[in-house]
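Below you'll find the structure, written out as structure tokens, and then a few comments.
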Amino acid sequence: MVNAKTYSQKPKEVTHRWILIDASSAPLGRVSTVIAKYLIGKYKPTYTPHIDAGDYVVVINAEKVIVTGNKEIDKKYYRHSGFPGGIKDTTVAEVRAKHPERLIEAAVKGMIPRNKLAAERLKRLRVFPGEAHTHTAQTPEKVEIK
């Protein structure tokens with residue numbers, strides 16, 4: 001009989017990599033799942049659910065993200081002011097024109113587990129509307145999305 005113990009990663013053993021993802025290469029949902037996988041760190045063999053061991057993710061070309069079908073005009077993002085009748089909605093086209101990075105941020109936020117680690121994981125997400133980003137000093141590894 002083997003006495004194998006379950007490995008549990010300690011906070012001191014965590015190393016964060018920097019990942020670069022081009023959002024114009026695949027549809028929004030596919031890009032978001034890959035981003036969420038790297039933010040959570042679930043692809044690592046040392047994954048421990050209660051330790052935040054994910055990576056930093058830099059996303060470029062957010063304004064060129066692909067949405068399929070009629071989602072450009074049919075999909076709505078809702079927000080509420082808290083007052084009666086204070087609900088407002090915007091379409092994907094309107095969000096893309098004003099704040100294209102919010103498309104990816106909202107999609108990834110919906111894919112991150114809702115727990116105490118969620119806020120820290122979302123802080124490691126950096127989204128840029130164009131090709132240029134401010135994290136060249138960190139030398140992020142480019143990841144291809146299939």
Plugging the Cβ-Cβ distance of LYS5 and LYS116 into 1/(1 + (r/R0)^6) at R0 = 41 Å yields, to the nearest 0.05, a FRET efficiency of 0.95
Taking 0.36 nm per residue of sequence separation and subtracting the Cα-Cα distance, how much length would be gained by fully extending the chain between LYS42 and HIS80, in nm to one decimal?
10.3 nm
In nm, give the distance between the simple-model label positions of ARG102 and ALA132, each being 7 Å from the Cα along the Cα-to-Cβ direction.
2.4
Among trypsin sites (Lys or Arg not before Pro) in region 1-34, those in a DSSP loop whose Cβ has at most 11 other Cβ atoms within 10 Å are LYS5
Region 34-110 versus region 4-31: alpha-carbon centroid distance in Å
17
Between SER24 and THR139, what is the label-to-label distance in nm when each label sits 7 Å out along the Cα-to-Cβ direction?
2.6
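Scan the chain and hand back the longest stretch that contains none of the chymotrypsin sites (Phe, Trp or Tyr not before Pro) lying in DSSP loops with at most 16 other Cβ atoms within 10 Å.
48-146
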Share of Cα-Cα pairs in the chain beyond 27 Å, whole percent, is 31
Excluding residues on the same chain fewer than 8 positions from LYS37, give the aspartates and glutamates whose Cα lies under 13 Å from its Cα.
ASP52, ASP55
Theoretical ellipticity at 222 nm over the chain - DSSP helices of four or more residues, -39500 (n - 2.57) apiece, nearest 500
-7500 deg cm²/dmol
How far apart, in nm, are two points set 7 Å out from the Cα along the Cα-to-Cβ line at LYS123 and at GLU94?
3.2
Taking amide H atoms as placed 1.01 Å from N in the peptide plane, list the residues 5 or more away in sequence, or in a different chain, whose amide H sits under 5 Å from that of LEU20.
VAL58, GLU141, LYS142, VAL143
Suppose a student asked you for the relative contact order of the chain, using Cα pairs under 8 Å spaced at least 6 residues apart; what percent would you report?
34
Extension gain from THR15 to THR68, taking 0.36 nm per residue of separation minus the Cα-Cα distance:
15.5 nm
Counting other C-beta atoms within 10 Å, which of HIS50, HIS135 has the fewest, and how do the rest follow?
HIS50, HIS135
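Using the crude model of +1 on Lys and Arg Cβ and -1 on Asp and Glu Cβ, and no other charge, please compute the dipole size for the chain relative to its Cα centre, in debye to 20.
Using Cβ point charges on Lys, Arg, Asp and Glu, the chain gives about 500 debye.
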Run the dipole for region 1-70 about the Cα centre, Lys and Arg Cβ at +1, Asp and Glu Cβ at -1, nothing else charged, and hand back the magnitude in debye, nearest 20.
280
Among residues other than LEU122 whose Cβ falls under 15 Å from its Cβ, what is the net charge (Lys/Arg +1, Asp/Glu -1)?
+4
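Bear in mind that the values in this text are calculations on the coordinates, not laboratory data. Fair warning: this is a prediction, and the values are worked out from it, not measured in the lab. Reconstructed Cβ throughout: ideal geometry from the backbone, glycine too, with neighbour counts over all protein chains shown.
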